[in-house]
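Written out below as structure tokens is the structure these notes cover.
The values are calculated or read from the model by the stated rules, or taken from the named source; none is laboratory data. Just so you know, these numbers come straight off a predicted model, no measurement behind them. Using ideal geometry, Cβ is built from the backbone for each residue, glycine included, and neighbour counts are taken over all protein chains shown. Calculation scope for accessible area: heavy atoms of the full protein, side chains included, ligands and nucleic acids excluded. Shrake-Rupley method; radii C 1.70, N 1.55, O 1.52, S 1.80 Å.
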Amino acid sequence: MTTLPSSPARPTLIVVGNGMVGHHLIEQLVERNLHCDYRIVVFGEERHLAYDRVHLSEYFSGRDAESLALSTTEYYAEHSIELHLHEQVTGIDRAKREVLTPQARYSFDRLVLATGSYPFVPPIPGNDHDGCLVYRTLEDLDAIRDAAQAASTGVVVGGGLLGLEAANALRGLDLDTAVVEFAPRLMPMQVDAQGGELLREKIETLGVQVLTERATQRIEPGESSRLRMVFQDDKVLETDLIVFSAGIRPRDELARDCGLEIGERGGVVIDDCCLTSDPAILAVGEVALWNNSIFGLVAPGYQMAKVAADTLSLSEVEQPSTFTGADMSTKLKLLGVDVGAIGDAHGDRSPGAKQYRYFDQIEQAYRKLVVTSDGKKLLGAMLVGDNAAYDTLMQYYANGMELPKDPASLILPNTEGAPALGPDALPETATICSCHNVTKGAISAAIDAGCSDLGAIKGQTKASTGCGGCTALLKSVFDHELASRGMEVDHSLCEHFTHTRQALYDIVRVEEIKTFSELMAKHGQQLDDGSPCLGCDICKPAVASILASCFNEPITNAAHIPLQDTNDTFMANMQKNGTYSVVPRIPGGEITPDKLIVLGEVGKKYNLYTKITGGQRIDLFGARLEDLPAIWGELIDAGFETGHAYGKSTRTVKSCVGSTWCRYGVQDSVGMAIRLEHRYKGLRSPHKLKFAVSGCTRECAEAQSKDIGVIATENGWNLYICGNGGMRPRHAELFATDLDDETLIRTIDRVLMFYIRTADRLQRTSVWRENLEGGLDYLKDVILSDSLGLGEALERQMQAIVDTYECEWANAISDPEKLKRFRTFVNDQRPDPDIIVTEERGQLRPA
């Protein structure tokens, strides 16, 4: 083993750990130009660059290591920082000032431990069986996904924050999921008994079994499933896989082995400057023990990184920061359920504190305030079921602001006495982004320094680039600060159009403008020579969507094709290896055996990977670009149409079997789903649209998680709107009840067309609804009571779209000019040689 010396010109700073906090430390060092003072060497034991663990569960909904990454290798290279990924530090020689890896020994002058934590696995006999997993890294998630392939049930051990995240992941893998918690309730650190009971009720409604006060005695092979959990009362639970998510423990083995001071229950002891017992070595993040506390959230780790960077400065820092503890307030959406905890949420750390509580069992909302004995200051708060008040309460708490005369008004529903705490009421010291500790004053200063758009503010302050929970507040503060300076708040679509999407939609519709070039010439920006601008990646697809929503011309027409993104251009979703997916429409999930055979024959003929989706369709992956027309030709001959999986448009209408087969069904849900899918297929909108129809209140089609959800009743249909899954799940809201078939469709027509007219670019129905002034009541007035007199116009507009529907693939393959795009190389007919595949589980996948 060789020893690599430190640079004689610059001292060497080694950072062990490339997680979120380790990477944030690097950013802090660069921000202070310490990469010029130090030779910085970073070690990460994972093969991936630092990635966003806060949104780890999104790995199961399509994001990958690259999209979750917090940086790039180019960033490290640009700042001359040596990055050693997949190289684990195995020891520290403090006497020689060296770290050891299997590859070499590296000398250091200063060392920072950012090794984070590992998931705690309770010492239960049998916890090492196949199928017993943890939830921490991307590799862990790969293992869970692989295990889920042959599983139908999964159990999470641990009902805390991470446990419920893991449960959400298992549920997303279509496993029947249970949560086993040792404590009497879920999330015992964040909620009290009443809040815990409500949280349990809401999560069980989602189909997740919750078992509390259960201590697992052992895990053994199961009879009907792979594993069996045996509890302290000898009751058993069989499952195919178990995910342990019962807390974390600091990764302090390196510090322990080299003799640094370690806390009684683990963790590297640090002082207010993040220095360990060896002044040459610092520790930050979840490995660090400050004042006998380990902080398991990212925001305190970021604060430590900032302090460590100041400590490492080789020149005098004017006001060096110190770590004085961290606020552990939390705002979460777990399994679609809002949970918020602020400060002393339990009220057990503040002698003399008084409480206000509001509990609505019908609406399933629980709110609690903990205030000082005189009722003037907020000490803590707890929210379950609705986090709408969180931001306001957080500002009262974080800034020590005096509460309104009637504090209860802050948590009571529909009270006129609750004061609106807008950006103008916040002091300059108000923390807007707790991840990066950005205050309102910092945002104001950034604007004064020249940041005139939200992107520049984020780049300058890092606000809203952590967990993203402050995005709405940041926008509100930013707009207010601009307005207070007499500056116009810019709502332009992009630099080429000074109109909002809604304004452009109205212009296109009223003036019957049918091409992008005409719209740009009449209403867009001009170049210096007076000619129209060419547009950009923001305005071109947005205008393409508007034109399609208004006139429904094929997107592959020559005038429209330059506006489309890659997926719309080739009417298929590009995959990671450059191939494409083929997704034919299967209305309502109903398909004949003959059509199934056709899909199988096409899949075999073109060597396509096949998978059934959550939307009750069959995806065919791995199609080469030049094969797409032939594949679609065969599918269309067999009676299939495009499924629009590539577009911001109606995707699927999922359904259960309904009254036709199910003994609980009260209406023909399949028939209604097929009718809806055929009516709204191809409808272009600001974002994708998903529907579902359930034949009874058991809700097997999960209609309440869709943009448009329909649930059968004895008297007709209940309509739910504006729900979605994905990054920020939202339950749909009940909009109308007991509708007959025609009224249901007429109501959906109006809702969708009003959404298409008024939503912003790439705004899902859920966000659109949340931003509607007047909320759901306003939308009901517009749609159900026709308060704006738009009802008939909205219905006519939708009918015009329905009447002009044409399968985009059928249109394309009938036009030889359009087919010329489907070739990899302009001057070479051979297929792309860079597409390499391998076989897995009997099918081909990207190598």
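A few comments on the model shown:
- The share of alpha-carbon pairs in segment 489-560 lying farther apart than 14 Å comes to 56%.
- Computed over segment 570-804: relative contact order in percent, which uses C-alpha pairs under 8 Å that are six or more apart: 13
- Backbone geometry of segment 97-103 corresponds, through the Karplus equation with coefficients 6.51, -1.76 and 1.60 at θ = phi - 60°, to 3J(HN,Hα) couplings of 6, 9, 10, 10, 10, x, 8 Hz, x marking Gly and Pro.
- Distant-in-sequence amide H partners of residue 212 (H built 1.01 Å from N, under 5 Å): 181
- Per residue, the accessible area of the chain comes to 45 Å² when a 1.4 Å probe rolls over the protein heavy atoms.
- Loop-located trypsin sites (Lys or Arg not before Pro) in segment 347-378 (DSSP state other than H, G, I, E, B) with a sparse environment of at most 14 neighbouring Cβ atoms within 10 Å: 349, 376.
- Taking the three principal axes of the alpha carbon atoms in segment 636-707, the coordinate ranges are 36, 31, 15 Å, sorted in descending order.
- Anchor residue 377: lysines whose Cα lies under 16 Å away (excluding residues fewer than 8 positions away in-chain): 354, 368, 405
- When the pairs 576/681; 331/654; 475/514; 522/576; 514/690 are compared against a 29 Å limit on Cα-Cα distance, 331/654; 475/514; 522/576 fall above it.
- Comparing segment 119-249 with the 2.2 N^0.38 Å rule of thumb, its C-alpha radius of gyration ratio is 0.96 (two decimals).
- Carbon and sulfur %, accessible surface of segment 570-804 computed with the full protein complex present, 1.4 Å: 49
- For residue 42, the amide hydrogen comes within under 5 Å of the amide hydrogens of 15, 82, 83, 84, counting only partners 5 or more places away or on other chains and with H modelled in the peptide plane.
- Every helix of 4 or more DSSP H residues in the chain counts as -39500 (n - 2.57), and over all residues that averages to -8500 deg cm²/dmol at 222 nm.
- Calculated from backbone phi, Karplus (6.51, -1.76, 1.60) coupling profile of segment 246-257 in Hz, x at Gly/Pro: 10, x, 10, 9, x, 7, 10, 5, 5, 5, 5, 5
- Across segment 702-707, coupling constants 3J(HN,Hα) worked out from phi with the 6.51/-1.76/1.60 Karplus curve, θ = phi - 60°, read 6, 5, 6, 10, 10, 4 Hz, and Gly and Pro carry x.
- Relative contact order for segment 508-646: 21 percent, from Cα pairs under 8 Å spaced at least 6 residues apart, divided by residue count.
- Surface share of carbon and sulfur [accessible, 1.4 angstrom probe, percent] for segment 288-430: 45
- Shape annotation for segment 181-306: C-alpha extents along the principal axes are 56, 34, 21 Å, from largest to smallest.
- Pairs of alpha carbons in segment 692-847 whose separation is greater than 23 Å (percent): 56
- Three principal axis lengths of segment 642-767 [C-alpha, angstrom, descending]: 43, 29, 28
- Separation between Cα centres of segment 658-726 and segment 167-243, rounded to whole Å: 30
- Cα point-scatterer Debye curve for the chain, base-10 log of I(q)/I(0) at q = 0.11 Å⁻¹: -1.60
- Across the chain, the relative contact order, built from alpha-carbon pairs under 8 Å that are at least six residues apart, equals 7 percent.
- Each Lys or Arg adds one and each Asp or Glu subtracts one; over the other residues with Cβ under 10 Å from the Cβ of residue 783, this totals 0.
- Sulfur and carbon atoms: percent of accessible area, segment 119-249 [1.4 Å]: 48
- Amide H within-cut-off set for residue 515, under 5 Å, with H built and near neighbours excluded: none
- Candidates per GluC sites (Glu not before Pro) in segment 680-732, loop by DSSP, up to 10 other Cβ within 10 Å: 714
- Charge context of residue 258, other residues only, Cβ under 12 angstrom, K/R +1, D/E -1: -3
- Rg(Cα) / (2.2 N^0.38 Å) computed for segment 570-804, rounded to two decimals: 1.04
- For segment 615-676, pairs of C-alpha atoms spaced more than 16 angstrom apart make up 60 percent of the total.
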